[in-house]
Amino acid sequence: MAIEIEDKFDVPADYELPELADLPGCAEAVGPKTHQLVALYFDTPDLRLAARGITLRRRRGGTDPGWHLKLPKAKGVRQEIVHPLTRSARIVPQELASLVLAYTRGAPLAPVAELDTRRSVVQLVSGAGIRLVEIADDRVKGTVLGDQPHVERWREVEAELIEGEEKLLGKVGKRLVKAGAAPAESASKLSRLLNTAVSVPEIGLAPTKAGSAGEVVVGYLASQVATLLAQDPRVRRAEEDAVHQMRVASRRLRSALKSFKTIVEGTEAVQEELKWLAGVLGEARDLEVIRERFAHRLDTLDPVLIVGPVRTRLSSDLLDAEHEAYDRIRETLGGERYFALLDALDDLVATPVLTKAAKKPAETLDAVAAKGWRRVTRAYAAAQAVEGADREIAMHDVRKAAKRARYTAEVLGMGKLAKRAEAVQEVLGTHQDGVVAQERLAAEAANARLAGEDTFTYGVLTGLERASAERAWDEFPGVWAETSTAVETLL
């Protein structure tokens, strides 16, 4: 797996590469070296991958033959996942096919195009021999496969960052443009080829009035759906922070649908499914968080206080449970219920049921933010009316209300309000984390006791977690007073 950062340029047939070795940091230009590349591209019959800017190919020739899956991350930046060549040229390796399930949703993958490229490569190298930027001058023959194949020929230049700084890539681009190149109109060779021969489906987004409440809400929903989809392949690979980001996207979507129900109607069923998905993701995330929390506690603890195989129970055992949770996540992400939710989310942003209020100016949504904060204050008042353990439970409702108020404020670009709501959420979250950690330690200590192990260290850790939870609980009144005063000036 690698991150690919490159700029693409359209050039005329008689284009000549300019001098580039004199750019700052470069010592010489090595090459050109020529390769012949033949790539077979795969997609669903209705081109669902192409619609999302995703490419999946089997390529022969050059320095990196194999199966390549490229997932867009940002403009000019893609994540590339490589798999060795397989004996079959027309069956996509299961590992890669599973990574695009959120887009294919069970539809078959088959060859849709072939690119035959004669590539001339020049590398810009530093004085220390480090490869900085690679410039590929490609003469391409592209064929759209089908009953009546369509053939296109063109020339293009790619400048890819290898080890240098991005500002160097920008200087290379300026030099190429000055010599007659133009920024490419298409994000990839495949998209260029397909757009000239077939109709690539567009990602639906409901038309809304500029500056309206509907535009703000639908735009936000679309961005969170895109985030959720982008995290799906990363979750399947158990990449760092991926399950957290996917769960946050599902929570943000559900919160927005609740908060802006006066703008978008009829989303109750989608909200329930988003809650279900967040719950599935939550098991692995919670195990990940508490495992890292205990590891940090043990790393900072005096070694004389660590007695028995406590590290094993609080690391390896939890990691095994985490792996099992990821297996359940992957099973869920390959199921029809999940695919149905993704279809519903696509429909939500393409054809939402908008109310008359959606046509009103975006400024009218400020009232939703004020309503969200009133929900927090009501939850706080209700919590103060009860005592003991019941108050702790009620304060959890305050935390959830603060999180929703924060998400609502973020939708509306009300950064200061979002930070104030986050402050309430964070201090209560610290308390809740300490409580949950104590419960987990009690369970692990019970298992250790049954195995005849010393449980002294579990008691030490429990004391630390209790102290952390109590500090947060004691800090909260001050945080609440400061926050309440500040919010009055914001709303």
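The relative contact order of the stretch 292-440, computed from alpha carbon pairs under 8 Å that lie at least 6 residues apart in sequence, is 14 percent. Based on the Stokes-Einstein relation at 10 °C and a viscosity of 1.306 mPa s, and on the Kirkwood radius from alpha carbon pairs, the stretch 358-491 is assigned a translational diffusion coefficient of 96 µm²/s.
If you sort the three axes of the alpha carbon gyration tensor as a ≥ b ≥ c, you get a/c of 1.5 or more for the stretch 404-453 and a/b above b/c, which makes it prolate.
Taking every C-alpha pair closer than 8 Å and separated by at least 6 residues, the mean separation divided by the residue count of the stretch 25-73 gives a relative contact order of 31 percent.
Using only alpha-carbon positions in the stretch 298-367, the gyration tensor eigenvalues give semi-axes of 49, 23, 6 Å once each is multiplied by 5 and square-rooted (largest first). What the phi angles of the stretch 431-440 give under the Karplus curve with 6.51, -1.76 and 1.60, with θ = phi - 60°, is a coupling list of 5, 5, 4, x, 5, 4, 4, 5, 5, 5 Hz, glycine and proline written as x. For the peptides 460-466, 58-64, 96-102, the ranking by mean Cβ contacts within 10 Å, running from highest to lowest, is 96-102, 460-466, 58-64. Take every Cα-Cα distance within the chain, group them into 20 Å bins from 0 onward, and report for each bin the whole-number percent of pairs it holds. All Cα pairs, binned at 20 Å, distribute as 19, 42, 33, 6, 0 percent. In the stretch 112-198, the portion of solvent-accessible area held by carbon and sulfur atoms comes to 44 percent [1.4 Å probe, whole percent, DNA, RNA and ligands not counted]. Projecting the Cα atoms of Phe456, Pro477, Val411 onto the charge dipole of the stretch 379-491, computed from C-beta unit charges around the Cα centre, puts Val411 farthest toward the positive end.
Solvent-accessible surface of the chain, averaged per residue with a 1.4 angstrom probe and all protein chains in place: 49 square angstrom. Database remark: amide H of Val112 closer than 5 angstrom to the amide H of Tyr41, Phe42, Asp43 (H placed geometrically; neighbours at sequence offset of 5 or more, or on other chains; Pro and chain starts carry no H). Can you bin the stretch 157-206 into rounded, prolate or oblate? Criterion: square roots of the alpha carbon gyration tensor eigenvalues sorted a ≥ b ≥ c, rounded for a/c under 1.5, prolate for a/b above b/c, oblate for the rest. Prolate, since a/c reaches 1.5 and a/b exceeds b/c. Relative contact order of the stretch 25-137: 38 percent, from C-alpha pairs under 8 Å at least 6 residues apart in sequence.
Qualifying GluC sites (Glu not before Pro) in the stretch 162-213, where qualification requires a DSSP coil assignment and no more than 16 other C-beta atoms within 10 Å, comprise Glu163, Glu165, Glu185, Glu202. Every pair of different Cα atoms in the stretch 160-284 enters the Kirkwood calculation, which places the hydrodynamic radius at 18.2 Å.
Qualifying trypsin sites (Lys or Arg not before Pro) in the stretch 145-214, where qualification requires a DSSP coil assignment and no more than 16 other C-beta atoms within 10 Å, comprise Lys209. Under 37 °C and 0.692 mPa s, how fast does the stretch 223-323 diffuse according to Stokes-Einstein, given a Kirkwood radius computed over C-alpha pairs? Answer in µm²/s, whole number. Rounded, D is 210 µm²/s. Straightening the chain between Asp320 and Glu185 buys 43.8 nm, computed as 0.36 nm per residue apart minus the Cα-Cα spacing. The C-alpha radius of gyration of the stretch 120-204, expressed as a fraction of 2.2 N^0.38 Å, stands at 1.36.
The values are calculated or read from the model by the stated rules, or taken from the named source; none is laboratory data. Computed from a predicted model, the values in this text were never measured in an experiment. Here the Cβ is made from the backbone with ideal geometry for all residues, glycine too, and neighbour counts use every protein chain on show. The accessibility values were calculated without ligands, DNA or RNA, using every heavy atom of the protein model including side chains. Shrake-Rupley method; radii C 1.70, N 1.55, O 1.52, S 1.80 Å.
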